[in-house]
Amino acid sequence: MKPLTIAQTAWCMYSIVFRVNAFTATFPNVLSVTSTVTRYSTILPAETNLFFADAITDNAPSISNTESTPKASTNQNDVSQKSRTLGSQENLMLPRQYGPKLAKGESPFPSMAHVSAYILSSTPSVEALSQAIEIAMDTHPLLRCHVEGDGEPDERIDIMQMVRKGDPNPCRFVSPAVRTFSSQDVLRVVDVSGNDAEALEKSWKTNFISDLDDGSWYEKCSTGPLWKLTLHRPGKEGPCALVFSSNHAISDQGSVNVLVNQILADVNAIEESGSVKNKAKQQEMPVAVEDSVLGLNNRWTDVQTGGISLGTIKYVLDKAGEGFRSPVILPDSEGSGNSILGAITTIMGKSAGGESEGSLERKSTLQFRSLSKETTTAFLEACRANGVTVTNALIAAMALTSSDFIDGGDDKPGKSRNYKILQSLDMRRFGAQLDKCDTVACMAGSNDLMFGPLEDRSGKSFRSSPESSDSQKLFWDLAREARDQTKRFFESNGPVQAVRVFDFAMSISDMNNLVDLTAKSKDSQGRAYSAGISNNGVYERQKAVRRESSEDRESIAVKHGKYEVKDIYYGTPHSRSGCLYQASTITVDGSMKLTFHPASPIVSEDANAEFADAFVEVLEKIASTKVLSLSEKGNFLSKLNIPEGTLTLAAAGLGLVSVATHAGAWSEFFNNLATMQANVADPKDFWDAFNFWIFFAVGHPLLQPILWISDVLHGSPGPLVFDLVPASFLMANILFVGATALSKDVSDSERKVILQKLATNSFLSLDTRVLFTVPECLKRRCIVGIPHLRWGRPGWTSRSW
């Protein structure tokens, strides 16, 4: 679930005008001259043999096995049917098509692919691999599914023909109880010419980049399958590579790890014993990411405006405000990519700057890198020592490295820019958390982080002197900023709001058309972010599929018999739209694997190689720079060899000496207290007076700074309010209290206390010109015999200090 871009945020606001509170009643004249596009019976020419024709639904067998079970919502997963409506994120990736363009004979929107490469130590037999694939198909519903429904609305009700009304035939995943295809439909075997590692690497990398930019998955959606697996083998033994490719609507990297681990375990079992004794449990149809985060029956189609809160509105406004920071999204050699003007143009139904003829020629350019186990371990330790996660540090490295290449090769000393980094998230961690990553599904999401201004070529400066205090401060400050922004996003319920807003936008409008307009824009060239980072974490710490003999899920294993996972590389395409620079990482057996996959020619192949080298060098410099403990950072006392407890004993001794030097005064003090107690009939009166004396004795030094500043503020300029308080001082109090109450560092509970105190227990001290919170004990008592201290109340006047 990607956060909304500036254009998409603006489009949400535009769409609301036409969907909330009866558009027809508000704009009758506009509708009378607006041609509405009704749902097409077939939105693609019949001879193209693509998907989403109504005939598919009409001729399909019934997907309901039980009529007695009531359905709470069309979005709720019905186990018996193995079918459900696609979520908004899935409709983006599938993608749901746009009828008006198809009616003009324009090409359908391409699908978004997801590709992963697993390099293995040994080559499985085709027979065992085929059998394991078919077991996996029986286990995971989306591996045997197809798509029904055209996704066209009843009509489009705005002048730009992009605000939807009705959804009579939504796109649906349908997973038959009996498979309609077999392993032969998904498995492809490539016999690599040559037995060396170089030939194998060249083979699987060629496959990887070809499938990454393959947007033709929609051609198979009506029949399936929506995935495939390619085995690259130099021979029948020795190392090989498995390349998994799919429509991103059905998979993400976490769930594909579960799948590949299951296949390898089953292959090993089949080859050792002839069958899989402990098969994986058959899984139910996975929920959509909207259901997993928001809960069942909480999509926009279920709750409408009932799901919108002040937090939702604030999230939208925050997204809109990001455009005013003008983050850089293109190198200087490629243009500026003005996000504000571009957003206005895009919501008017046109590509910003006009359509680029080269938009269809953009392709992914790939680089693969690996960090050694030692470097990966040292990098992790450096992150822990500085209180950040590996992902936080990767984001910092991405921002720094981006600053080295953003000038397009034309050095501009002193130039600073803002950067918008897209951080990929596993949405299973948020909200209702219904999906447990026990079956193949897509739960991908993200949030964006803003950094800057950051000077050009900051990464180069860091790499040239990584041990300097300035370089260390620069890097770790960026990492901590990434940590803090992410924490605020989580604590403000940002993931839930992001899902809700995106679901709203996709449900009421044709967001896929906005993506297409942005992809074709000459100004933005499909770029919405300065850079992006996806970190899938540690492979073997993730959970494996649930097996029949155990209720608990074991961890994924790097090795199954003779099959050991040596490397994993993965990615999704950014060629049409996405980030200027992009990296995807996963750690396998202690070694971090990195895939760099931006779009060419915006980023050339040579530039991507240089970027990858620079990025890895930043990580290596961080790992190799000695992490100083507090004792090594120049603390003089910590370097002294002082026995434990010595300073404590010395402080205690000095305290006793100080008390002893004033023994006479202490004796007189306690004698006076004894005399006072003897002269008071009721002991309670004595202790009340004594407690108040202690309060004043402690409070007086604390009040001294306030009393000093009150003399300064007493002469504040401006007219007096009620002839008592300068107006400028009242305004200063209001601004200070307001800023404190609204501060991000103040929790909601603390904010409530502040406002309650202001409303109930705060009196304005006219003598000191400050807000005091009056203790209840002083409100109930008459204060006598305390010079220079008076509590103000309405209508009370006094001499000033």
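The values are calculated or read from the model by the stated rules, or taken from the named source; none is laboratory data. Since the structure is predicted, the reported quantities are computational estimates derived from the model, not experimental observations. No Cβ is skipped: glycine too gets one built from the backbone with ideal geometry, and neighbour counts run over all protein chains shown. Areas reflect the complete protein model, heavy atoms only, side chains present, ligands, DNA and RNA absent. Shrake-Rupley method; radii C 1.70, N 1.55, O 1.52, S 1.80 Å.
Brief remarks follow.
- Computed from phi, the 3J(HN,Hα) profile of the stretch 278-283 under the Karplus parametrisation 6.51, -1.76, 1.60 (θ = phi - 60°) reads 10, 6, 6, 5, 5, 9 Hz, with x in place of Gly and Pro.
- Sparsely packed loop sites in the stretch 551-628 (the GluC sites (Glu not before Pro) outside DSSP H, G, I, E and B with at most 13 other Cβ atoms within 10 Å) comprise Glu551, Glu554.
- Pairs with C-alpha atoms separated by more than 31 Å, drawn from the list Lys319/Lys543; Lys487/Lys626; Lys373/Lys487; Lys363/Lys420, are Lys319/Lys543.
- Peptides 181-190, 288-297, 100-109, ordered by how many other C-beta atoms sit within 10 Å of their residues on average, highest first, read 288-297, 181-190, 100-109.
- Under 5 Å between amide hydrogens, built in the peptide plane, is the criterion, and for Leu187 it picks out Leu229 among residues at least 5 positions away or on other chains.
- Relative to the current alpha-carbon distance between Ala727 and Ser122, full extension at 0.36 nm per residue lengthens the span by 209.7 nm.
- Pairwise label distance in nanometres, Asp613 with Asp682, each label 7 Å out on the Cα-Cβ vector: 8.9
- Per residue, the stretch 92-210 exposes an accessible area of 36 Å² to a 1.4 Å probe, with every protein chain left in place.
- Counting 0.36 nm for each residue step from Asn418 to Asp477 and taking away their Cα separation leaves a gain of 19.7 nm.
- Sequence ranges 373-384, 653-664, 524-535, ranked by mean other-Cβ count within 10 angstrom, highest first: 524-535, 373-384, 653-664
- Mean sequence separation of contacting Cα pairs (under 8 Å, at least six apart), scaled by the length of the stretch 109-245, corresponds to a relative contact order of 39 percent.
- Protein accessible area in the stretch 425-488, 1.4 Å probe - carbon and sulfur %: 46
- Antiparallel %, DSSP beta bridges [both residues in the stretch 530-611], to 5: 60
- DSSP-defined beta bridges in the stretch 463-600 - what % are antiparallel, rounded to 5: 55
- Loop-located trypsin sites (Lys or Arg not before Pro) across the stretch 251-301 with a Cβ neighbour count of 10 or fewer within 10 Å are Lys277, with loop assigned by DSSP.
- Applied to the stretch 588-598, the Karplus parametrisation 6.51 cos²θ - 1.76 cosθ + 1.60 on θ = phi - 60° returns per-residue 3J(HN,Hα) values of 10, 6, x, 10, 7, 10, 10, 10, 10, 9, x Hz, with x for Gly and Pro.
- Residue list for the stretch 359-392, given a label point 7 angstrom along the Cα-to-Cβ vector of Arg429 and an amide N cut-off under 18 Å: 380-381, 383-392
- In terms of its C-alpha gyration tensor, the stretch 267-326 comes out oblate, because a/c is 1.5 or above while a/b does not outweigh b/c.
- Peptide ranges 231-240, 677-686 listed from the most packed, as the mean C-beta count within 10 angstrom indicates: 231-240, 677-686
- Long-range HN-HN contacts of Gln582 with modeled amide H, under 5 Å: Gly532, His597
- Share, in percent, of DSSP beta bridges within the stretch 132-236 that are antiparallel, nearest 5: 50
- FRET efficiency for the pair Lys281 and Thr223, taken as 1/(1 + (r/R0)^6) with r the Cβ-Cβ distance and R0 = 30 Å, rounds to 0.65.
- Charge dipole (Cα centre; +1 on Lys/Arg Cβ, -1 on Asp/Glu Cβ; no other charges) of the stretch 209-305 amounts to roughly 300 debye.
- Net length gained if the chain between Glu455 and Lys436 were fully extended (0.36 nm per residue, minus Cα distance): 2.6 nm
- At a probe radius of 1.4 angstrom, the accessible area of the stretch 568-622 per residue rounds to 24 square angstrom.
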